[in-house]
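The values are calculated or read from the model by the stated rules, or taken from the named source; none is laboratory data. Worth saying up front: this structure is predicted, and the values here are computed from it rather than measured. FYI the Cβ positions are ideal-geometry reconstructions off the backbone, even for glycines, and counts take in every protein chain you see.
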Amino acid sequence: MKSNFFADSLKILAGLIIFSLLFYILNRFVDYLIIANGITFFSHLYDQDIGNLTNTVGSLGEVVTGVFGVELTAVTIIVQLAANKYSDSVMVLFIRNKINAVVYALFVIVAINTLLVTNTIKEDFVSHFSITVNLSLIIVTIIIIIPHLSYVFNFLRPENFLSYVKDNITKTILSLETSDSKTVIKARQEVFKEINFIGDIATNSVHQGDRATTLLCITVLREILLLYLPLKSKIPKDWFHTREEDSMDPDFASYSQFVLQRIDERQIILERKVFQVYDLIYNNSRSTLREVASGVLLNSQLIGCASAAARDEGALENVFKYFNSYLRFAINGKDPRSAFNTLEHYRVLAEELLRVDPKVVEEVSFYFKYYGQEANKRGVLFIIETAAHDLCRINELAFDLKVPNTKELLGLFLKLDEPLKEGGNEELTTQEISLIGVRIAQVKLAGYYLFHGNEELAKVIYNDMKVEPVSRIQHIKDIIFNTTQEEFWEITPRGVNFYYVSPRRREALVQFFNWFEQKNVS
């Protein structure tokens with residue numbers, strides 16, 4: 001790395017010197033032509049005293065170098081502050097930027113040219129054209145300072161340098177189709193560096209409480225994957241294979257060989273890289289910056305929908321695993337609100353999958369059941385109720401879409417609740433109250449079936465619930481029929497009251513509850 005940096009620095013220095021010399025020689029040649037042809041236009045612009053002219057041009061050269069020094073110092077401080085706030089790579093981006101390179105190269109060339117012109121003025125050969133060109137460039141360099149400072153401030157806005165990074169990644173991904181094996185490997189390393197840069201900005205922004213910048217990073221990563229997913233089939237296979245150097249990547253260093261092999265088989269190395277950044281952001285923000293954590297969930301959901309649209313099973317499975325991990329973090333941290341938000345976005349993804357691949361929604365339903373019951377066992381209340389009401393909505397949509405596995409999805413929903421303690425009037429534990437919430441969700445689904453004239457599916461729910469004590473069925477009925485406010489009375493991301501049932505569906509539920517009364521009479 002040091003040798004490359006040294007070599008690159010020498011190339012830049014040599015290029016500036018050679019260009020400055022060639023520029024000076026070209027102007028000098030024009031001076032010879034002007035003098036040889038007797039053209040006196042440029043000579044009338046200046047004082048005929050050679051000493052005054054030399055001092056004036058030399059002084060202006062000192063002004064240029066002084067202004068350049070002040071501008072460079074100010075910009076360096078500004079860029080370093082941005083680098084400290086976001087990432088060291090901001091400095092690298094600034095140096096690589098072509099506009100910044102042109103501005104600073106112009107200052108250097110003008111300074112060198114001024115030095116050469118000043119020290120080559122003679123009594124018998126005054127290079128008036130070279131002096132004119134040089135003074136014009138000095139004026140340009142002085143005028144350009146304010147616009148360049150404005151450009152630097154604008155460049156250092158997160159949305160601008162993130163857009164720059166995104167464009168670089170986009171160009172790299174679009175070029176992969178025609179790349180050879182060696183180029184593909186190098187391209188992946190460059191893309192990973194850029195993603196690490198975005199991840200650094202995001203995590204530093206989380207620690208500083210900068211929600212807007214963090215959400216912007218999350219969005220950029222999602223846009224990269226949405227571009228990438230439809231192109232995967234055209235990318236050379238070498239892109240997807242993990243290599244020895246990947247074990248040094250912090251996002252893959254903790255993985256066993258088994259996991260790395262699975263990543264290879266499913267061709268999800270870039271997806272896993274992006275989601276590792278999401279995972280880091282989520283864990284650092286879910287208790288302090290909930291809007292940012294919700295942003296991770298929303299973008300994970302959108303990536304899942306894009307994976308389904310692209311028929312990419314590996315990418316979709318990867319999304320499931322991270323949603324499951326988000327739920328596990330929330331449950332282990334006894335953070336019901338995070339789990340509540342996670343289930344919301346997971347459900348929306350499942351609803352989209354019903355339209356694309358309804359069979360895979362059975363897998364999602366199993367995860368809802370599993371993590372709902374895990375939360376209940378660990379005393380993280382209300383999560384199993386949330387899972388139940390989300391499964392209710394999934395089953396409602398499955399019924400509307402007439403998917404072939406409607407009964408299978410219903411069967412998974414009915415397995416969500418665990419057996420409750422027997423006893424009519426004994427005080428219910430908090431866990432039992434949550435499980436009653438599950439039954440309420442199942443009753444709501446029965447009402448939906450009856451409202452749409454499907455008694456068969458409603459009977460399936462009835463047969464599952466007929467073992468419940470009469471007092472519990474009555475309690476459920478009272479809750480449903482006494483809840484008349486659809487909107488929840490606190491500020492929540494969803495805003496709905498889970499126990500609310502529309503009047504028309506309540507009318508349909510009269511028949512459902514009559515089945516229990518008829519059973520008891522018989």
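Things worth noting here:
- Residues satisfying the stated conditions in the stretch 258-297, i.e. of a type in the set (D, E, K, R) and out of contact with any His (no Cβ under 6 Å at 6 or more places or on another chain): Arg262, Glu265, Arg266, Glu271, Arg272, Lys273, Asp279, Arg286, Arg290, Glu291
- Among the candidates Ile121, Ile112, Ile143, residue that is closer than 22 Å to Glu71 by Cβ, surrounded by fewer than 20 Cβ atoms within 10 Å (Cβ to Cβ) and at pLDDT below 85: Ile112
- Complete set of residues in the stretch 370-386 that are touching a Phe, Trp or Tyr at 6+ places or on another chain (Cβ under 8 Å) and within 16 Å of Ser325 (Cβ to Cβ): Ile383
- Scanning the stretch 252-275 for residues that are within 25 Å of Ser205 (Cα to Cα) and in contact (Cβ under 8 Å) with a residue 40 or more places away in the chain yields Leu270, Glu271, Arg272, Lys273, Val274, Phe275.
- When Asp200 is tested against (1) of a type in the set (D, E, K, R); (2) in contact with a Ser or Thr (Cβ under 7 Å, 6 or more places away or on another chain); (3) closer than 16 Å to Ser163 by Cβ, just one condition goes unmet, and that condition is (3).
- Condition met for Asn395 (within 19 Å of the chain's Cα centre (by Cα) and in a helix (DSSP H, G or I)): no
- Residue within the stretch 179-187 that is part of a helix (DSSP H, G or I), modelled with pLDDT of 90 or more, closer than 21 Å to Ile268 by Cβ and not hydroxyl-bearing (Ser, Thr, Tyr) present: no
- The stretch 390-407 - residue that is charged (D, E, K, R) and touching a helix residue (DSSP H, G or I) at 6+ places or on another chain (Cβ under 6 Å) and, of those, nearest to Tyr500 (Cα to Cα): Asp390
- Annotation note: Cβ proximity below 7 Å between a residue of the stretch 506-521 that is modelled with pLDDT of 85 or more and a residue that is hydroxyl-bearing (Ser, Thr, Tyr) (sequence gap 6+ or interchain) occurs for Phe512/Tyr462; Trp515/Tyr462.
- Candidate set from the stretch 70-109 (those that are hydroxyl-bearing (Ser, Thr, Tyr) and not in a helix (DSSP H, G or I)); member that is surrounded by the fewest Cβ atoms within 10 Å (Cβ to Cβ): Ser87
Quick grid of which residues meet (1) at positive phi; (2) among the small types (Gly, Ala, Ser); (3) assigned to a loop (DSSP other than H, G, I, E, B); (4) surrounded by fewer than 15 Cβ atoms within 10 Å (Cβ to Cβ):
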{"position": "Glu159", "(1), (2), (3), (4)": "no, no, no, yes"}
{"position": "Ser163", "(1), (2), (3), (4)": "no, yes, no, yes"}
{"position": "Ile169", "(1), (2), (3), (4)": "no, no, no, no"}
{"position": "Phe197", "(1), (2), (3), (4)": "no, no, no, no"}
{"position": "Ala202", "(1), (2), (3), (4)": "no, yes, no, no"}
{"position": "Lys232", "(1), (2), (3), (4)": "no, no, no, no"}
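- Any chance Leu176 is part of a helix (DSSP H, G or I), in the same structural domain as Leu72 (by TED's automatic domain parsing) and either over 20 Å from the mean Cα position of the chain (by Cα) or touching a residue at least 12 places away in the same chain (Cβ under 8 Å) (or both): no
- On the stretch given as the stretch 302-313, residues that are surrounded by fewer than 22 Cβ atoms within 10 Å (Cβ to Cβ), in a helix (DSSP H, G or I) and not small (Gly, Ala, Ser) total 3.
- Test: residue in the stretch 340-352 that is part of a loop (DSSP other than H, G, I, E, B) and either in contact (Cβ under 8 Å) with a residue 40 or more places away in the chain or not acidic (Asp, Glu) (or both): no
- Taken over the stretch 204-227, residues that are buried (at least 20 other Cβ atoms within 10 Å of the Cβ) and more than 16 Å from Leu162 (Cβ to Cβ) amount to 0.
- Checked against the criterion of being touching a residue at least 24 places away in the same chain (Cβ under 8 Å), over 28 Å from Leu401 (Cα atoms) and out of contact with any helix residue (DSSP H, G or I) (no Cβ under 6 Å at 6 or more places or on another chain), the candidates Asp335, Asp357 yield just one match: Asp335.
- In the condition set (1) more than 32 Å from the chain's Cα centre (by Cα); (2) surrounded by 24 or more Cβ atoms within 10 Å (Cβ to Cβ), Ala375 is compliant with all but (1).
- Unique residue being among the charged types (D, E, K, R), in contact with a helix residue (DSSP H, G or I) (Cβ under 9 Å, 6 or more places away or on another chain) and without any contact (Cβ under 8 Å) to a residue 12 or more places away in the chain when the list is Lys182, Lys234, Lys186: Lys182
- Selection status of Thr242, in a helix (DSSP H, G or I) and not small (Gly, Ala, Ser): no
- Within the option set Phe368, Phe413, being in contact with an Asp or Glu (Cβ under 9 Å, 6 or more places away or on another chain), in a helix (DSSP H, G or I) and surrounded by 18 or more Cβ atoms within 10 Å (Cβ to Cβ) holds for one residue only, Phe368.
- Residues of the stretch 288-300 that are among the small types (Gly, Ala, Ser) and closer than 14 Å to Gln208 by Cα: none at all.
- Residue selected from the stretch 433-491 under the condition within 18 Å of Phe516 (Cα to Cα) and among the acidic types (Asp, Glu), by the criterion surrounded by the fewest Cβ atoms within 10 Å (Cβ to Cβ): Glu456
- Residues of the stretch 464-476 that turn out to be within 29 Å of Tyr346 (Cα to Cα) and either without any contact (Cβ under 8 Å) to a residue 12 or more places away in the chain or in contact with a helix residue (DSSP H, G or I) (Cβ under 6 Å, 6 or more places away or on another chain) (or both), as a count: 2
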